[in-house]
Structures are given as structure tokens and as C-alpha cells.
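Bear in mind that the values in this text are calculations on the coordinates, not laboratory data. Remember, it's a predicted structure, so these values are computed and weren't measured experimentally.
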Protein chains: 2
Amino acid sequence: MDETARLAMLARVLGSEVRSAGVEMGIGDDAAVLRAAALGGERLVWTIDEQVEGTHFRRELASWQDIGWRSFMAAASDVAAMGARPRGALCALVLPDDVDDAALEAIARGQREAADATGAPVIGGNLARGTALSITTSVLGACASAIPRSGARAGDGLWLAGDVGLAAAGLRALETGRADDRRLTPAVEAWRRPRARIDDGLAMSAVAHAGVDVSDGLARDVGHVASASHVRIVLDEAALRRDVTLAAVAAALGADALDLALYGGEDYALVVACPVPITGFRSIGRVVTGEGLALRGADGERAVEPRGYDHFGERRDG
Amino acid sequence: MDETARLAMLARVLGSEVRSAGVEMGIGDDAAVLRAAALGGERLVWTIDEQVEGTHFRRELASWQDIGWRSFMAAASDVAAMGARPRGALCALVLPDDVDDAALEAIARGQREAADATGAPVIGGNLARGTALSITTSVLGACASAIPRSGARAGDGLWLAGDVGLAAAGLRALETGRADDRRLTPAVEAWRRPRARIDDGLAMSAVAHAGVDVSDGLARDVGHVASASHVRIVLDEAALRRDVTLAAVAAALGADALDLALYGGEDYALVVACPVPITGFRSIGRVVTGEGLALRGADGERAVEPRGYDHFGERRDG
């Protein structure tokens, strides 16, 4: 396909028609156009995320459709973490010669599925040739007021919606050739098909003081909340070990469930600091005065290094 | 520098403080937050552009600062072409190991200069490791109503603000080692430091029927307007040859000025279809019924292929 044909294919798969409140012009012009008043909130929440082959995914570990899906969800999750509803997305792709038209269409199908699942259509983008495949997604959302990382207060509880550690376990299963082990299916699925927790984000937005999505690992992302909020956060080891799915997956892998929970990223769970319980969230710790991150277990409290999960032997950079 | 130090450096260079109307939260959270009502128009105009090393630039042909500047301006120009004012930007970088901290800081300085020149601060972004350098910029702007590519009508004039062909001449001068030739300085500068024509975009937005920025070459970009608007556009050869700077640069290069004007991209001039003259724009043709693109010269009218300029021996893809 030449460029015109590829753009027409992308417009067809992603949907060139206007399919979301506020979208006046979509794919096919210099820029997309949205009507601010129709987006459903006076604050705009806007993010960009880039997934690079070799750093964030390997094509042999997921289908092209999965790769499109998860790149979209990673960006949508940032908007969910602010308590906003995603309203539209722009996607930029760098395509090496060994990504053919069928692969591009499959990536776009995965993006479209994720767009449909989040209610945020892809309304524009960019194609470029390059030596390494990358997928960049910018998502724009709206809300009445945004929940920052920096608002946690001593006395808040720490609450979790979604899984932590499963996606990292799934990646490990894939990398070690154990994806066919049925006990590991929930983990493999968690890595290949994560979901931005939009409804949970909306639920917490009315009451939470601070929020973050777990993209780089609980320790690292909650560590960001602690440092941005100038508080100390104490995680509850028993609560983190209580997840039966994670425990079963960890046992099948011969891994430690707590290690996966603390350092495994890419599940896109939401963690919030909030003085009251929130439907859909479970308690995993509390916010106190001080600084840093700690874990309280049966034998007392110990410091936790706010690092993320290293995959593909490289440190994650974003 | 580790990642935390690099992010702190970027926040310092790009400006972590809120510096634009409507920006409530900038660099440092999951997403940026803007107040829709403060952006200065009820339509949001939103674009994404990616510049890839080897496809869009080569590091030996420009400084890191130039590379940051021009990647930002390419995206801001899309917003200008819709008649909107850029209000903020997100930048995602993929960094190979051979782009060191000093280079990253210089890229950011170029982005900051461009952000200051356009009034659209960088309020968020993403860093990722990869094998090939790329810079992705998403720009969000606002306007009362956006000017599409598809609105040109028979009877409109075709109007140009800015230069066409100079940037391509500058790239050719750089590639052939003639950047020190003083006669070619305006061309080299045009390629290294293009400017999004925001004021011209605002000026045309009240009266123009259609608009586009010349990123891929006049023939190709005006061809998009013709096909999207279902009209024929006739360019005026004498008007295109009238540019004395381009004529002098073409002579120094031994190139044809018309060829540079028609097929040279990356000047980010604005072309609009409009029934009345606009301050700052000059007449370069007219819109008639029919389809396709033509050039009217002394010996009559001939068809023009709506192709772009091929640089680095590769076809441009976006």
C-alpha cells in the first residue's frame, strides 16, 4: 500500500466518522477539532505515552492487535488516574519496513478496540518511517476537577482498584515460554490486555486526595505519591498478599507474590489516598507524616525502595 | 544522569511552572490539566507530529537545539493552519544511548525556545529508551471556529503567507556541504529554524474557507485541499517565481526555483482559499470547478503532480 491507501485503511479501521461527544473533525485534516463545552467537564486532562519495540514490548510476545490495545490503554490509564473521562486520542506510529500492511491494520484494530472500550475515539495521528517500531498515544479527557499525585495527607487510607503484579508475572511467563500453562493465563492476559480503570477513576474523583496509576510498579508509583505529597506511605503486606489470583500465579511461576505486587508494572491498577472507603477499591495501606515508603508486615515496618520492575533487562524510563 | 535527574532537568529547562492561560498542572503528574474556559475559544484544535532521526533530520545537519525547535514548530504549524492559537504542548522522546544528557538538554532548550515563541508551554511528556531518536509533539490550541482543508470553493483566490522552497534548498545546501555559502544562509536558516505562522493563521481564520500548512511541499499540500474540497486549484507560475530570495538561493544552488517552490517541504508556510485578500498573504492562484492541481504559465495551463519533496532518498510519510 502507498501512503494514501494506508491512511485510508487507518481511517476506515479507526473510524473517520465523528463518534464521540464534542468531536467536530477527526482523521484527515491538519488537526482534530473538539468542542470544549461538549467534553463533559471544565478541566481538560491531557497525556502522552510512547511504547517502543524492544523496550516496552516484543512482537513475538503478543499479537499486533494486543500491541495496539496495550499502547492505547497505557495512555488512557493516565487520564483515568486523574479522575477524568477520556474523550479522544491521537496516535503516532513509526513504522520500520518489516511491519507490513497487515501488521499495521492489526495494530489499528487493537487501538480501535481499546478506543471503543474507553469511549475515546482515535481522531487523528501521524505516520512516519523509521528503523524501530513505536506507538505514541496522546489522550485528552475531561473532568470537573483533577486528582493530582501531590494531595495525599497524613490520616488518609491507601486504596487499590485492580490487580498489581499479574502483568509482570504474565510477561515473565511469556519470556520463559510458559504461556501455555493454564494457571498463568490470567497473568498473560493481564500483560497483553490491560484495561484503563476509567469507572474507578471517576468513582474516586469525588473523594480522593491523590491518585496514580500503577504503570511502573506499586513501589515506584506510590513512591511518587509519597514524595510529591511530602508524606510517608505505609503499605500493608498482608493486604498485598491477600490476592488469591496473584498467589496462585506466583506459585506456578515459582516467584514471590509480594515481590510481583511491589515491583511489577503495567497492570494499570489505580491507587489513591483517600480519607474514606470507595466502592471498588480495597485497603492496602495508609498515609502518615514523614517521608518515604514502607511495608508493615508481621515483624514490623521496613523501608521499601521505590524502584520499578526491570523488564527486558533494561530499566524502564517512562 | 539517572531518570529522576533527567526529568528534573527537563522540568527546569521546559518550565515546570504554569506559564500559560488555562494551565493548572504541568510537568510532573500522570497528565497535564488545563481549564477549558481559559483557553480563548470554544473549539479545541489538537495535533500530533513525530520527527524521526534519519527520516526527518540528521544530527550532523543541525544543532540539537535546532532539532528540538523544528520538531516543536512542525506540530505548532498544524494548529496555526486551522486558524487556532497554540496553548500547550506535550513532548515524548525516544532516546538511544548515544544521545547524552547534554544533547537532551539542548533538544529541550530548542523546544523551550519554540514554546516561548508560540506561547504554548511544554506541560508534560514522556521519556523512553530506544534504538532510534524520535521526538513526538502534541499541541493543543483553541479558536472560535476551525478552518478545514475541505472548504475551498470555486471563485476563491489562493493565498500564501511565508516562503515555500527555501527550507528544501537549505537542506540541499547542508547535504552537499554548501552551508557556508552566504547566499544560501536564508535557506539553511529556513530549514533549521522554521516558524509556525500563528498570527497569519489567526488573521485568515475570520475569512478563509480552507487552509493548510506546507509541510510536504506546495503541490502535495495544496493537492490535499483540492481533493478534500472537490475543486480544481490553479497555481500561478509567475507568482511563484516572483520570490527574489528563493530565486537567488536557487541560482546559487543551480536549482530551479519553481521546482523548489512546488515540491520543497518544511517551510510551514500557510496556504488558504479565500474570496478576499488577507493582510500578510500574497496571491498565488485560484480555485475553480473541477478537480486536481494545475500550474498556469506563459504557455498555458498544465497538470501538476501532487507529490512532495523526497529527502534523504526516502519518501516522506507524514
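Only Cα pairs under 8 Å and 6+ residues apart enter the sum, and on that basis the relative contact order of segment A:63-138 stands at 49 percent. Percent of Cα pairs in segment A:20-75 per distance bin of 10 Å, from zero to the largest separation: 19, 33, 30, 18, 1. Note that the protein assembly as shown carries a Kirkwood radius of 25.1 Å, evaluated over its alpha carbons pair by pair. Dividing the Cα radius of gyration of segment B:104-148 by its Kirkwood radius returns 1.06 for Rg/Rh. Its residue count N sets the reference 2.2 N^0.38 Å, and the alpha-carbon radius of gyration of segment B:163-218 equals 1.38 times that reference.
For segment A:157-303, divide the Cα radius of gyration by the Kirkwood radius and give the resulting Rg/Rh value with two decimals.
That ratio is 0.98, to two decimals.
The GNM of chain A, with springs linking C-alpha atoms under 10 angstrom apart, assigns the highest mean-square fluctuation among A:GLY211, A:GLY155, A:GLY292 to A:GLY155.
Note on segment A:218-318: Kirkwood radius taken over Cα pairs, Stokes-Einstein applied at 10 °C and 1.306 mPa s, translational D equal to 110 µm² s⁻¹.
On average, how much area does the Cα convex hull of segment A:1-46 cover when viewed from any direction, in nm²? Intermediate results must be reported in sequence, preceding the final value.
Values: hull surface 15.5 nm².
Hull-based average projected area comes out at 3.9 nm².
Each stretch of four or more DSSP H residues adds -39500 (n - 2.57); spread over every residue of chain A, this sum gives -10000 deg cm²/dmol at 222 nm. Scaled against the 2.2 N^0.38 Å expected of a compact globular protein of N residues, the Cα radius of gyration of chain A reads 1.00. Across all directions, the average flat footprint of the convex hull enclosing the Cα atoms of segment A:121-217 is 9.7 nm². Evaluated on segment B:3-143, the Kirkwood hydrodynamic radius is 14.9 Å, with distances taken between all distinct Cα atoms.
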